[in-house]
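FYI, it's all coordinate maths here, none of it is from the lab. All values reported here derive from a predicted model rather than from experimental measurement. Because the Cβ atoms are built from the backbone with ideal geometry, glycine has one as well, and the counts that use them run over all protein chains shown.
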């Protein structure tokens, strides 16, 4: 058997090797048998499989999550839960319909409860309902404990339901490097390749994955495997070397201090992470909060998450700032019931701050939670996709109103610094017109809008290059403006964590970069190797040579 | 409790729910697990006259949605009915052994 090589697009770097688990497509649907006896058997089998999944999940989690799973297990193992469904099946209703209806009735009972503790249990029932439905549909909700996963596409909720603590990789036939799952994969250091095309089932077998180049080798030859293993060994040695300076502050060889911040896409990423590796959190993507089953997260929930992040950042007594970006929905991150459906060009549509200002009722809840969390430490608020100065002014007005309302109600609150993401060329070019407390360059979108090329369109992805001189000049312009005003300028896109790009960003005048936690070690090693004196000397030398000619 | 050993005898008891979240997820699981450890048929109700639900079914227990301050009535029938009722009453009176954790963890319990 000879090896097969496939080429996709890189969505998250890293090397991985091992057997592939192919996830069934979510679109799989069930054919009812029409026979009540077989339908009842199907439901019984699905209940049993779902219970086994929950039990396995409970075994490897601890704390609150284990309690929650234990509760779900108690419900699913109780015959009373499916009684109504089995009755309906006996009356000729297909198993999936019967189960959905029975559970919806149960869920409605919880949703109508007066006590909020009981209302909150509706989510557990919904989880149980969907897990069993997935089993009935033949799409096992069973998550592989670790390993290399192949699928057509992967929703963020499914990624979060998997255990990545033992590593693994993601191979997608479709997908996009700018998707939420890709961000999650990068932040966890999980290699990911998208756009492999075809049926994900053809990836079954032993594979080698190179997340950085987007290459997959199926059933590799012994020579290919040896070459791969030696590369992996080199990578590990390099990583170990970089890790030795992980908790030291970063400065260039000539002594210019560079602040290294981290990007967080999901609060659990902070578990087991030492705040000493960074100078703060440069970007918190709050979209993860809005992934829940339909309902928008309430103020208390948001407050507790923001507060936890702020408290993590100062947990060792150092005052590190946490920059929380307000909801950045739209574009490739739709939220049902909030963002526009079927926009002809979502990347130029209602996204980022445009969504928030269109839905002030949702925005105000987030602002209140942020104002309250700001009491617990240095919190900063960042607005995404700002295009005109009026958007900051409108946001500041809403924030002041909510601040006054919280004050009047006697609720502790503090007005945080309000900054903007610089990702629309209109803002980057006319940056002097924007009265923001800080600027953070969103290099992914800024690059895509400047070059008019999307990274997830294979034929033009090479153009979406953050090293394009036009992009670097824009970075330089924003950095200079910030320096003149004494306002911090950071960069929080993927470019901020790329060793190949960081020296150019520093040369352009940036002194703060933000990146995925897994990129910090390599980024700090890169920064320490940069010598701005030498860069300046080379430039001066070039000028002298030119002048002498 | 001497009659507890006699098969077929009916025993009843009652206790007030004083833990902050009432017969919530964790307490209800504890209660049904304890009930299942006895052979007797055990039922729970919010009044001395019922309606009664099976104390071994977490789904039915949760449907009762018993909040803090409610009184739980138990009745049991079987060889170990007396022991069962005594143990269940004791569990409720001990606040399911978890009041401290709740008060500290939820921040909205009686400690606030």
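Here are some notes:
- Computed extension length for residue A:277-residue A:308: 9.4 nm, one decimal, from 0.36 nm per residue of separation with the Cα-Cα distance subtracted.
- For the pair the stretch A:218-242 / the stretch B:41-70, the C-alpha centres are spaced 61 Å from each other.
- As a rough footprinting exposure proxy, the listed residues A:390, A:343 were ranked by other beta carbons within 10 Å of their own, and the order from fewest upward is A:390, A:343.
- Residue-averaged [θ]222 nm for the protein assembly as shown, counting only DSSP H segments that reach four residues, each worth -39500 (n - 2.57): -13500 deg cm²/dmol
- Label-to-label distance, residue A:130 versus residue A:357, with points set 7 angstrom from Cα along the beta-carbon direction: 3.3 nm.
- Principal semi-axes of the equivalent ellipsoid, √(5λ) from the alpha carbon gyration tensor of the protein assembly as shown, are 52, 31, 23 Å from largest down.
- A simple spin-label model places the labels of residue A:219 and residue A:105 5.3 nm from each other, with each point 7 Å out along Cα-to-Cβ.
- For chain A, the longest principal axis of the Cα atoms and the long axis of helix A:520-529 meet at an angle of about 10 degrees.
- Here the gap between residue A:119 and residue A:37, fully extended at 0.36 nm per residue and compared with their Cα-Cα distance, gives a gain of 26.1 nm.
- Rounded to 5, the percent of DSSP beta bridges in the protein assembly as shown classed as antiparallel: 50 percent
- In plain terms, the residue of A:97, B:24 with the fewest other Cβ atoms within 10 Å comes first and the most crowded comes last, giving A:97, B:24.
- Full-extension gain in nm, residue A:468 to residue A:59, via 0.36 nm per residue minus C-alpha separation: 142.3 nm
- Principal-axis analysis of the Cα atoms of chain A puts helix A:63-76 at an angle of about 30° to the longest axis.
- A Förster distance of 51 Å, applied to the separation of the beta-carbon atoms of residue A:247 and residue A:433, puts the FRET efficiency at 0.80.
- Part-to-part distance (alpha-carbon centres) for the stretch A:357-371 and the stretch A:163-200, which is given in Å: 32 Å
- Relative to the dominant Cα principal axis of chain A, helix A:299-313 is inclined by about 50°.
- Ranked by the mean number of other Cβ atoms within 10 Å of their residues, highest first, the peptides B:58-64, A:281-287 fall in the order A:281-287, B:58-64.
- Distance in nm between pseudo-label sites at residue A:507 and residue A:202 (7 Å out along the Cβ direction from Cα): 4.2 nm
- Taking a quarter of the surface of the Cα convex hull of the stretch B:10-97 gives a mean projected area of 4.6 nm².
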